[in-house]
Amino acid sequence: MFKKVLIANRGEIALRVARAARELGIRTVAVYSSADEESAVVRCADESVRIGPPPAGRSYLYVPAVLEAALRTGADAIHPGYGFLSEDADFAAICRDHGIAFVGPPPEVIARLGDKAAARSVMAAAGVPLLPGSLEPLRTVAAARAVADDIGYPVIVKAVAGGGGRGMTVVHAAADFDAAYRDTVARAQTLFGDPAVFVERYLPTGRHVEVQILADRTGRTVYVGDRDCSVQRRHQKLIEEAPAPHLSDDLRTRMGEAAVRGARAAGYVGAGTFEFLVDDAGDFSFMEVNCRIQVEHPVTEMITGIDLVQEQFHIAAGRPLALRQEDVDPRGTAIECRINAEDPERDFAPAPGELTEFETAGGPFVRVDTHARPGYRVPVAYDSLLAKLVVWAPTREQALHRMDRALDECRVAGPGVHTTLGFLRRVMADHRFRCGEYNTSIVAQVLGMGAFQ
């Protein structure tokens, strides 16, 4: 096992990784920007290194500073968490070139699956179901329009290099296609430095269901349950639950086996997530692979008892998976709510400020992953996530009651600070969510019901 890991991230995921490492006897190095000097992971880690000013491009995304910190402290591994450098194939290759283990897939796999058009080609060859659309990047508006006209509207134009719900445009009518294509290309160039896009059919009432996999260097690959992530704003998740409600055992198995086939075809190593859309008929189609730990990984941990971050460390250290498929035995229901410093009344606009009050829930089978505390200043430079509130119960109905109780216990306040707490409670009370008959349109439906307290 590694002796020392540098955690190339911040916030709750940096603290989560540090805790997992320390339980394995691995010393930890936290890197931080000047905005995070008093952060929880800096206090928790064995060592810490300041790597730059608040803008991520000059700190957490600035590879020379991160690499120098690893070399200076003698770290033999780097865990990138999620976001930032976690799916940067070039960074993974640089780590390898310097003899530092990157806790994630090999750079070639990240590059292959990070290109969404290339990923679709790999999945098609592996027999994983796809939505109708292009397998190659579409470089001209005429070529893209021809694909859209062929598969029928609505369609979605996606950046090949996109991620995190960015670089996507839904088009409902042919008359709007050209403008949408050009806008997506421009945003793709600005956000990702790559203007390439592809087109696929859009399912306005689809369910977003993902499958967690683990794969070691010997090729052993298992799927570790599924999660429903359909409660989203701007294609970014707010509530996740495991297992996904109202899926037949046959559908769960077929999705899990498809994820394993796709992972093996791509040469995947590590923890990863295969994201699918499930339509009203119960058919599923591949969307993308996330080559990292997911924000919502705690719900899978809660129903399986498997520490996914520690599994990442074991795999990166070259150890074979101890798990076999028959060892994975999900039990009960887990639900995660993301408490963000955002204002639902203003289209979830960030609402940063200093927290004068921060009190989270407790009680049986309640987990809170957070880096926040009273006096913490929510920075404007980073993601607005304050905490992940996770509950488990033997049944989904019990989990819903437990989550409602836990949300009610939370107190988060500060000048100018708004949070998603009221909105999350509204979703929990919504009849569509409670009966498990919801899809990716539920946020818009709940938003149309009025103000949140």
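The values are calculated or read from the model by the stated rules, or taken from the named source; none is laboratory data. Please read these numbers as outputs of a predicted model, since none were measured by experiment. Neighbour counts run over all protein chains shown; Cβ positions are idealised from the backbone, glycine included.
Figures for the structure shown
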| item | result |
| --- | --- |
| Residue match in segment 93-102 (condition: touching a Gly at 6+ places or on another chain (Cβ under 8 Å) and either in the same structural domain as Q310 (by TED's automatic domain parsing) or crowded, with 20+ Cβ neighbours inside 10 Å (or both)) | no |
| Close pairs (9 angstrom Cβ cut-off, 6 or more residues apart or separate chains): more than 19 Å from A14 (Cα to Cα) in segment 79-106, part of a loop (DSSP other than H, G, I, E, B) and among the polar types (S, T, N, Q) anywhere | none |
| Qualifying strands (runs of 3 or more DSSP E) (wholly inside segment 330-424; at least 1 residues being small (G, A, S)) | 333-340, 385-393, 411-413 |
| Failed condition for E47, given (1) within 26 Å of E311 (Cβ to Cβ); (2) surrounded by fewer than 16 Cβ atoms within 10 Å (Cβ to Cβ); (3) touching a Ser or Thr at 6+ places or on another chain (Cβ under 6 Å) | (2) |
| Residue among D90, D46, D115 that alone is out of contact with any Asp or Glu (no Cβ under 8 Å at 6 or more places or on another chain) and farther than 23 Å from A271 by Cβ | D46 |
| Among residues of segment 420-452, those that are in contact with a helix residue (DSSP H, G or I) (Cβ under 9 Å, 6 or more places away or on another chain), under 19 Å from N340 (Cβ atoms) and surrounded by 14 or more Cβ atoms within 10 Å (Cβ to Cβ), counted | 16 |
| Only one of E311, E301, E336 that is closer than 24 Å to D216 by Cβ, touching a helix residue (DSSP H, G or I) at 6+ places or on another chain (Cβ under 8 Å) and either surrounded by fewer than 16 Cβ atoms within 10 Å (Cβ to Cβ) or assigned by TED's automatic domain parsing to the domain that holds W392 (or both) | E301 |
| Single residue of L135, L113 found to be at pLDDT below 95 and hydrophobic (A, V, I, L, M, F, W, C) | L135 |
| Extreme residue, surrounded by the fewest Cβ atoms within 10 Å (Cβ to Cβ), among residues of segment 219-251 that are in contact with a helix residue (DSSP H, G or I) (Cβ under 8 Å, 6 or more places away or on another chain) and polar (S, T, N, Q) | Q232 |
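For every residue, the table says whether it meets (1) closer than 23 Å to A263 by Cα; (2) in contact with a Cys (Cβ under 9 Å, 6 or more places away or on another chain).
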| residue | (1), (2) |
| --- | --- |
| A75 | no, no |
| H98 | no, no |
| V109 | yes, yes |
| P129 | yes, no |
